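The values are calculated or read from the model by the stated rules, or taken from the named source; none is laboratory data. All figures in this text were calculated on a predicted structure; none of them were measured in a lab. Here the Cβ positions follow ideal geometry from the backbone for every residue, glycine too, while neighbour counts run over all protein chains shown.
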Amino acid sequence: MIIKNQEQQIIKKAALVNNELSMFRWGMREALARRSSSNVWGNGFIFDTEKENVEKAFQRFKKINKLYNLFPYIEKELSKYGRVVLTLNKSKTNDILVNVVPQLFFSGIGKVFCNEQLAVIYQRFDIDNKSILVKSTYDTQKVKNEFYSMSETQELLVMDSTKEVEEYLQIPKEYTHNLGFVPVVELVNINYFQTNFNQYEFLTLSDWYPANQYEELAYQAFIDLEKELMLNHSRIVGTEGTQQLIQQLRAQQAQNGRVVLEDFLIETTHGTDIKIMNGNGDFEKYTGVINNIYDIYYKQSGLSRFSEGGGAQKTVAETASIRSQMIETIKHKANLREFQILELISKALAMYGVIDYFEDNSINFHINTNIIKDDGVYLDNLIKQLEIGAITTIDIIKEFKHVGEKEAKEIYEKNKEFMEKNNDFFGELFVDKENGSNPDQEIDSNGKHKDRAKNGEQ
């Protein structure tokens, strides 16, 4: 039986044309994706829970799936493709494994009332020089797999016998999980809201999409630079009388594996000596144009490449504006990603059997973005928030040290003990200006002032 044309079209999604321009485009997008991933995940992440069994299960999940490597990789994929689909599968050792679905083979997730009710995913495997396609349909209770092979006429045929393939891939035709949720998570890069033909829709777009017109422009600039390097450089010039010498030099170059024939020119009007004709190419003009294009490319994508050096001098106002835009983009990505990754972790922990996916709120997940800050100014702002009761001492430690709640409390108690033992030295430094007392003697286990807590202040 031949698979339906609609599904076949999904599977045969057009691949990139393998030419120089396409390779150049994806080189720019890869560099942009690396910058995005580094900005979001450069300082790692924090998982926080008060439950020991949950912490143990998460550490197992983190180790098995190498999350410190996996999350930055996913971020790169999100930057390049706009969305990523992950599946969660239980191994024979009862570990929960994360699988990143190949970008060209997923159809999407059907959502009902904002809860995942159905997912249809395509994955391709090569077995004994034969392409096998697996169509997996996930719902809240079971997973159904269908197997297809590619015919000589490039048609997808339903496989009648799948036992050997099932054993080889360790993918059964159907199995029941009874989780109550779909073990699939969809991550999106950045949501763009637009109106299209009187219909409102959310689009998940790649980082490069708003700036894709600059990719071909940059490519052309590099081509122009290459031409300038080829046409306008120093050469050896000789006369007809030195032609034999030049041929010898060419032969020698060929023997050494370096042939630069265009660098040897013959003149018929000037003397008998070999001379050097110096090139006068204005290469900085081209590199300046290229740098300016790249600056605009990153700016249009919501990021910045200042650390690589820009083509033009930026004013303080321009620098501040672009930096503000970059920080806004990174924060938006991080906030969105925290929500999406928390869903992934919650489903994984539920599959380990240590939490209830629908009711348990005992876990927290936070991304430490790689945004360069002025630590002095940053700490001053945190202290000001502490003074008005907006945050606690524990909150400051969490933010400044990039640790979770438990670690922050341990640091606080250790520092408190140290300062109490050295009260004679630290006493004047930690006097509460408001009431003239030592606040460290009046702070509870959560890092809040007891007197303020009594008065209803947070």
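Once the stretch 48-85 is narrowed to residues that are closer than 15 Å to Lys333 by Cα and acidic (Asp, Glu), the residue that is farthest from the chain's Cα centre (by Cα) is Glu77. If I go through the stretch 383-409 residue by residue, how many of them are at pLDDT 75 or above, closer than 24 Å to Phe45 by Cβ and in a helix (DSSP H, G or I)? Residues that pass the stated criteria total 12. When the residues of the stretch 48-98 are filtered to those that are charged (D, E, K, R) and part of a strand (DSSP E or B), the one that is nearest to Leu342 (Cα to Cα) is Asp48. Of the strands (runs of 3 or more DSSP E) lying entirely inside the stretch 125-229, those containing at least 2 residues that are modelled with pLDDT under 85 and loosely packed, with under 11 Cβ neighbours inside 10 Å are 190-196, 199-205.
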